[in-house]
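Pasting a structure below so you can have a look.
Please treat every number below as a calculation from the coordinates, not as lab data. Worth saying up front: this structure is predicted, and the values here are computed from it rather than measured. Methodologically, a virtual Cβ is constructed for each residue, glycine included, from the backbone with ideal geometry; neighbour enumeration extends over all protein chains shown.
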Amino acid sequence: MTRALALPLLMAVALAGCNLRPLYAGGGKGAVAQSLSGIEVAPIPGQAGWLMRNALSDRLAASGPGEKRYRLEVELDDQLTGFGVRTDNAVTRERRTLRARYKLIDGTTVVVDATAGSDAGIDVVSSEYATIAAEQTALENLTNEVADQIVTRLALYARHTAQEP
């Protein structure tokens with residue numbers, strides 16, 4: 001019985017010393033949430049850009065309204081590549097790749113310059129409508145994945161700068 005109690009107690013003591021902290025400590029009033037709410041997303045051209053800007057704005061606005069201190073500029077590279085060719089030269093599989101290069105700008109200074117990206121495989125079927133719908137769905141899903149990556153990176157930057165004196 002004492003062994004059964006000792007192991008969880010030992011693990012709790014070990015975890016207390018590992019310096020883990022919640023990224024969004026303090027909720028909407030925390031330093032990370034306040035910093036994220038201060039980011040304005042610049043317009044991004046194209047359909048993928050419209051989807052990306054909306055996804056980023058939704059995630060950043062979830063932190064609440066804030067004075068816009070930063071500007072986020074994003075350049076997208078959306079590619080659709082066919083592969084898996086049959087003997088009659090018909091494509092049976094496609095890969096949609098979405099890459100984003102983004103810059104977080106404070107005034108005139110670039111404070112974060114990074115990239116994010118993801119890709120998805122698409123089956124090409126006999127129905128052209130189904131293939132187009134699959135390509136569109138893949139773009140929407142990739143946009144959400146890349147937006148999550150960008151916001152996570154920006155939140156890590158916000159936590160790092162909030163710790164500085």
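Just to verify a number: FRET efficiency for Glu67 and Asn141, C-beta to C-beta distance, R0 = 45 Å, to 0.05?
It comes to 0.85.
Ranked highest first by average number of other Cβ atoms within 10 Å, how do 103-116, 143-156 line up?
Listed from highest to lowest mean packing, they are 143-156, 103-116.
Something else now. I'd like the distance separating the alpha-carbon centroids of segment 73-92 and segment 33-60, in whole Å.
Spelled out, the Cα-based centre of one part sits 27 Å from the other.
Quick one: if the Förster radius is 45 Å, what FRET efficiency do Ser126 and Glu40 give, using the C-beta to C-beta distance and rounding to 0.05? Intermediate values should be presented prior to the final figure.
Numbers: r = 45 Å, r/R0 = 1.00.
That gives a FRET efficiency of 0.50.
Give the peptides 79-88, 33-42 in descending order of average Cβ contacts within 10 Å, highest first.
33-42, 79-88
Let me ask you something else. Binned at 10 Å from 0, what are the whole-percent values of the Cα-Cα distance distribution for segment 25-163, short to long?
Result, from short to long distances: 12, 38, 26, 14, 8, 2, 0 percent.
Can you tell me the FRET efficiency between Arg86 and Ala133 if r is taken as the Cβ-Cβ distance and R0 is 30 Å, rounded to the nearest 0.05?
Efficiency, from the Cβ-Cβ distance: 0.90.
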